[in-house]
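Notes for the one structure printed next.
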Amino acid sequence: MSEPTSLPASIVADTIMRTIELGVTITDAALDDQVTVVFCDLLVDGPDRCPSCSQAGTYRDTIVRTVTDLPVAGHPLQLRVRVPRYRCENASCDQEVFRHNTDRLARAGASTTRRCARHVLRRLMVDRTSVAAIARELGLSWDTVNAALRSW
């Protein structure tokens, strides 16, 4: 077993929550009614490239993407991830603004993380849990959980 070390709280939280595998790092947390909310920054290593012309973009602003993750200690968990947006400087490109790639976190347009979607599948297929029970566990609507199942 490894020896305990004195690390910053964010590294400890990232390790316990395994957020690095999602490509995010924890910056803060709060309780919102019955949901635990974890605020995160997307791990980026420089500007992303335009999906249309592949040219590096220049930073424009930041948006927040909200996705549901695995429950923590029996409570639904919501990640609010700050995602940088960029402006494409290529005048001949049709894409004016694009956001950093978040494929590691979740599928495009999905409201759950990739690992949460796998959890939903496992609960349904292996544990034979109903969609309604999974929805309660995650703090989501039946329709949202069903949509996550259909997208896989």
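Things to note:
- Accessible solvent surface per residue of the chain, calculated while the other protein chains remain in place, 1.4 angstrom probe, Å²: 61 Å²
- Taking a ≥ b ≥ c as the square roots of the eigenvalues of the Cα gyration tensor, segment 60-152 is classed as prolate, since a/c reaches at least 1.5 and a/b is larger than b/c.
- Rounded to 10°, Cα long-axis angle of helix 114-125 versus longest principal axis of the chain: 30 degrees
- Applying the Karplus relation 6.51 cos²θ - 1.76 cosθ + 1.60 with θ = phi - 60° to segment 94-103 yields 3J(HN,Hα) values of 6, 7, 8, 10, 9, 9, 4, 5, 10, 4 Hz, where x marks Gly and Pro.
- GNM result for the chain, Cα springs below 10 Å: residue of P76, P84, P47 fluctuating most strongly: P47
- Segment 21-78: C-alpha gyration tensor shape, a/c 1.5 cut-off, then a/b vs b/c: prolate
- The portion of the accessible surface of the chain made up by carbon and sulfur, rounded to a whole percent, is 51 (1.4 Å probe; DNA, RNA and ligands excluded).
- Tensor-based shape of segment 1-106 (alpha-carbon gyration tensor, a/c under 1.5 rounded, otherwise prolate or oblate): prolate
- In a reduced charge model with +1 at each Lys and Arg Cβ and -1 at each Asp and Glu Cβ, the chain shows a dipole moment near 520 debye about its Cα centre.
The values are calculated or read from the model by the stated rules, or taken from the named source; none is laboratory data. Since the model is a prediction, treat every value here as computed from it, not as a measurement. As a convention, Cβ positions derive from the backbone with ideal geometry for all residues, glycine included, and neighbour counts pool all protein chains shown. Surface areas here come from the heavy atoms of the whole protein model, side chains and all, with no ligands, DNA or RNA. Shrake-Rupley method; radii C 1.70, N 1.55, O 1.52, S 1.80 Å.
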